[in-house]
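Only one structure is covered here, and it is reproduced in the block below.
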Amino acid sequence: MYFSNKVVWVTGASSGIGKALALELNKKGAKLILSSRKEEALEAVRSLCIDKEQVKIVALDLENYSDLHLKAKEAIACFGSIDILINNGGISQRSLANNTSIAVDKQLMDINYLGTVALTKAILPHFIAKNKGVFAVTTSIVGKIGTPLRSSYAASKHALHGFFDSLRAENHHNNISVTLLCPGFVQTNISKNALTGNGQALGKMDAATENGMSAEKCAIQMLKAIKNNRKEVYIAGSKEKLGVYVKRFLPNLFAVLVRKMSVT
């Protein structure tokens, strides 16, 4: 019953993990605000919901983060309040650092980091005024370990950990919690949409992504972590989780192993 009647705002909700989160939350009785750039796709997600009357749409582009304070006002107006913001929107990368233009590096940081931070800052005063709120953030196992072909993607996800760890400490007295959600490989279009070195989408599915966890299973584990107020959770296979701990306790060994890691 934790999510029943709670107002939950989900970004990146038009497909993949965000879509799975939306459908699961709707089943649990949450009032939903769904966001992404693709309004038509959001409408398609809403059409799959059991209780469509409790689903609102606020289209936004995280890359245009200067306008997100206006989107926050629009979202709050949907139900008069927001209880949980799930920062799930983002984009991945498939290119070597040496072959990646600085414009692509900037785009990854703008969408994954600055867009998420801007939206969070736009909602933070609302949570402070309520003296209660939850920020959940989809980072990645790559937010804990850097792998080949993910240099700026990993940087953007590492940055989210730093920002939200600080935010959690700063706002503990305001009853504001932060859950960092770190998926591994999940069966979504993330690799198809991933940016290559020149900014074009990769346009194909990685084998590792295709063989990953289902988006539905990932969403269920994410919501369990939010409900239990977990500070950080790794939602991944055993090898991916092992990589996090090897990096932490045996960094020299990890440096050797990561060179041979299958990341596509």
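What's the angle, to the nearest 10 degrees (0 to 90), between helix 215-227's Cα axis and the longest principal axis of the chain?
That works out to roughly 60 degrees.
Along Cα→Cβ, 7 Å out, is where each label goes; now give me the distance between the ones at Arg37 and Asn175 in nm to one decimal.
Taking the simple label geometry, Arg37 and Asn175 are separated by 3.9 nm.
For a footprinting-style exposure proxy, rank Thr138, Thr100 by other Cβ within 10 Å, fewest first.
With the sparsest Cβ surroundings first, the list reads Thr100, Thr138.
What spacing in nm lies between the two simple spin-label points modelled at Ile102 and Ala44, each 7 Å away from Cα in the Cβ direction?
That separation, rounded to one decimal, is 3.8 nm.
Could you give P(r) for the chain, binned at 10 Å from zero, as whole percent values over all Cα-Cα pairs?
Computed distribution, short to long bins: 7, 31, 38, 19, 4, 0.
Kindly put Leu60, Leu250, Leu108 in sequence by how many other C-beta atoms sit within 10 Å of each C-beta, fewest to most.
If I rank by nearby Cβ atoms, fewest first, I get Leu250, Leu60, Leu108.
Specify the residue with the greatest mean-square fluctuation among Phe185, Phe164, Phe254, computed from a Gaussian network of the chain linking alpha-carbon atoms under 10 Å apart.
Result: Phe254 has the largest fluctuation of those listed.
With a/c under 1.5 counting as rounded, go ahead and sort the range 2-48 into rounded, prolate or oblate using the C-alpha gyration tensor (a ≥ b ≥ c being the square roots of the eigenvalues; past the cut-off, prolate if a/b is larger than b/c, else oblate).
The shape class here is prolate.
Roughly how many debye, to the nearest 20, is the charge dipole of the chain about its Cα centre, given +1 on each Lys and Arg Cβ, -1 on each Asp and Glu Cβ, and no other charges?
Its charge dipole is roughly 720 debye.
Would you give the gap between the C-alpha center of the range 215-229 and the C-alpha center of the range 168-211, rounded to a whole Å?
15
Would you list Asp83, Asp51 from fewest to most Cβ contacts within 10 Å?
By the 10 Å Cβ count, ascending: Asp51, Asp83.
Given springs between every Cα pair under 10 Å in a Gaussian network model of the chain, which of Ser140, Ser166, Ser214 has the largest fluctuation?
Answer for the Gaussian network model of the chain: Ser166.
Given charges of +1 on the Cβ of Lys and Arg and -1 on the Cβ of Asp and Glu, with all other atoms neutral, how large is the dipole of the range 207-264 about its Cα centre, in debye to the nearest 20?
The dipole magnitude comes to about 260 debye.
Could you check the simple spin-label distance between Arg248 and Asn193, using points 7 Å along Cα→Cβ, in nm with one decimal?
In this crude spin-label approximation the distance works out to 3.0 nm.
For the chain, what does -39500 (n - 2.57) per DSSP helix run (n ≥ 4), summed and divided by total residues, give at 222 nm, in deg cm²/dmol to the nearest 500?
-13500 deg cm²/dmol
Among Gln107, Gln200, Gln54, which one moves the most in a GNM of the chain with springs linking Cα atoms closer than 10 Å?
Judging by the Gaussian network model, the answer is Gln200.
Two decimals, Cα atoms only, Kirkwood Rh: what is Rg/Rh over the range 47-143?
Here the Rg-to-Rh quotient is 1.04.
Computed from the coordinates by the stated procedures, all read-outs in this text should not be read as laboratory data. Remember, predicted model here, so these are calculated numbers, not experimental data. Virtual Cβ from ideal backbone geometry, glycine too; neighbours counted across all protein chains shown.
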